[in-house]
1. Considering only the other residues whose Cβ falls under 10 Å of the Cβ of I219, what net charge follows from Lys and Arg at +1 and Asp and Glu at -1?
2. What pairs from K327/K398; K327/K405; K102/K132 go past 27 Å between their alpha carbons?
3. Using DSSP to define loop residues, name the trypsin sites (Lys or Arg not before Pro) in the stretch 271-332 whose beta-carbon has at most 16 other beta-carbon atoms within 10 Å.
4. What share of all Cα pairs of the chain, in percent, falls into each consecutive 10 Å distance bin?
5. What FRET efficiency do you get for D328 and E189 if R0 is 30 Å and r is their Cβ-Cβ distance, rounded to the nearest 0.05?
6. Just want the answer: with Cβ charges of +1 for Lys and Arg and -1 for Asp and Glu, which residue in T56, P312, S256 is farthest toward the dipole's positive end in the chain?
7. Quick check of the Kirkwood formula: for the stretch 133-181, what is the inverse mean of 1/r over all pairs of different Cα atoms, in Å?
8. What distance in nm separates the two pseudo spin-label positions at N318 and V431, each 7 Å out from Cα along the beta-carbon direction?
Amino acid sequence: MTAIAAQLSFTTNGSGFRDPAFAENKLAPVHRWTPWIAGFSAQFVEDVFREYIPKTSSRSPVVLDPFAGVGTTLVQAMLHNYSTIGFEINPYAALVTQTKLKAVSIDLAQLDAVIRSVERLKSDPNGTAPAKYRPHGFRSRIPFFSNQIEPQVLRLLKKIDSIPDDDIADITRIAFGSVMVRFSNYTYEPSLGSRPGAGKPLIENADVPAIVVSKLREIRDDITWLKRQGIVDERHSRHSVYCADFLNFNTLISDSSVDLLVTSPPYMNNYHYVRNTRPQLYWLSMLPDGSTKDLEFANFGKYWQTVRGSEPIGLDFNHAELQQTIKDLRKTRLTSGAYGGPGWANYVASYFNDCHRFVEIIKRVMRRGGRAVIVIGNSIIQGIQIPTDEVLGDLANKCGLLYEKRIVLRTKRVGSSITTSSVRRGEKNRVGLYETAIVLRKR
Ligand SMILES: C[S@@+](CC[C@H](N)C(=O)[O-])C[C@H]1O[C@@H](n2cnc3c(N)ncnc32)[C@H](O)[C@@H]1O
């Protein structure tokens, strides 16, 4: 797209960086606790550390992930005794990451006692179901849990409430959060939808305590493994994970303090992290005002649903090619109004305005010579291909960072919520969906 991009080394994956797909994490200790969409693998993060963390540094390097998800970057950094800083706006994902980073100090005898007490819930199938644990404001088109399953869930939530150790209570919460959709009438495909809608039968009954206990046992095994990894205590490395919007709370990070940033921001594909975690957010009481609205508005890049109906949104910076793309997009499917080109043009402009703020912030917090490795995919919106990675690189260059490298990680990616794209129409299109890592350096 740009002259700058054309000058960059364009490496296909002979670079030594392994496939970033999160699928690999399903097998790795600790990473496997909770599935999460559009992350990268622990192996990929290892490759980045090998490339960019100096072997001879006398102090513990500081690794930042501003969009931490369920903590792939930060857990790997902890295993190396690096100091970590993370931001994650979604309270469920933030809890998972915070819990993983504290897990090495969990008392296994206490965890075993809790596992046994959850197991015992099974022998009391007719016990009372405390209705106060049913979340207010949680609505679903069909009943989320069957009549046989919901009382078991309510008893489990009451049990969690009574666990005296906060960290073990959190482990039990995330064990429940990571399996709850399995025994619900909903399914991830990868967006959350009803099972009948996906051609699957309803789930009438399941042994909820047994499913949660099996997850707790997996977590316990991984904590045992963690304890053998030689992780040192807080005097040597510190871990901070903020459940907060990185764009607005980054002042929690000192200037020029970050050695390496490894992250993957939300892609411009409108994948709705907030809606897809509604079950966990509501059933684990993670929304103080019972609504996801604030989260939706603060999400990086915004959601199409939150900006499509606004007055035309313009770019906060100069970028002639992107400006032209947005202009072209705004003229498509005019008769559909907010649902056509004008709505999507607002989404694209909002997304890149956040990208612009993002590169300004990382320039401030990175140490001189420090690197940022950002995994991102392109997008095809209303049939128009937008090379998000290249635009992000341009913005970084304009703000004074050096756009050092662009590494193609995958040339085939399954997109979601991309409307009227040639991919969806099944055409033999010239440009498909790809994923790259762009590498930025602070001069
Ligand atoms: C692609 S995912 C990152 C996944 C992560 N690499 C992992 O392995 O789990 C992007 C994440 O950014 C989070 N996010 C979105 N907007 C944010 C914001 N303004 N501040 C912090 N996190 C945000 C989303 O909730 C989502 O978890």
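1. +2
2. Among K327/K398; K327/K405; K102/K132, the Cα-Cα distance tops 27 Å for K327/K405; K102/K132.
3. Here the trypsin sites (Lys or Arg not before Pro) that fit, given the DSSP loop and packing criteria, are K331.
4. Calculated P(r), rounded to whole percents: 4, 20, 30, 26, 15, 5, 0.
5. The value I calculate is 0.40.
6. The Cα lying farthest towards the positive end belongs to P312.
7. Over the stretch 133-181, the inverse of the mean reciprocal pair distance is 11.9 Å.
8. About 2.3 nm, to one decimal.
Read-outs throughout are calculated quantities, based only on the coordinates presented, and are distinct from any laboratory measurement. Fair warning: this is a prediction, and the values are worked out from it, not measured in the lab. Ideal geometry is used to build each Cβ from the backbone, glycine not excepted, and the neighbour counts take in all protein chains shown.
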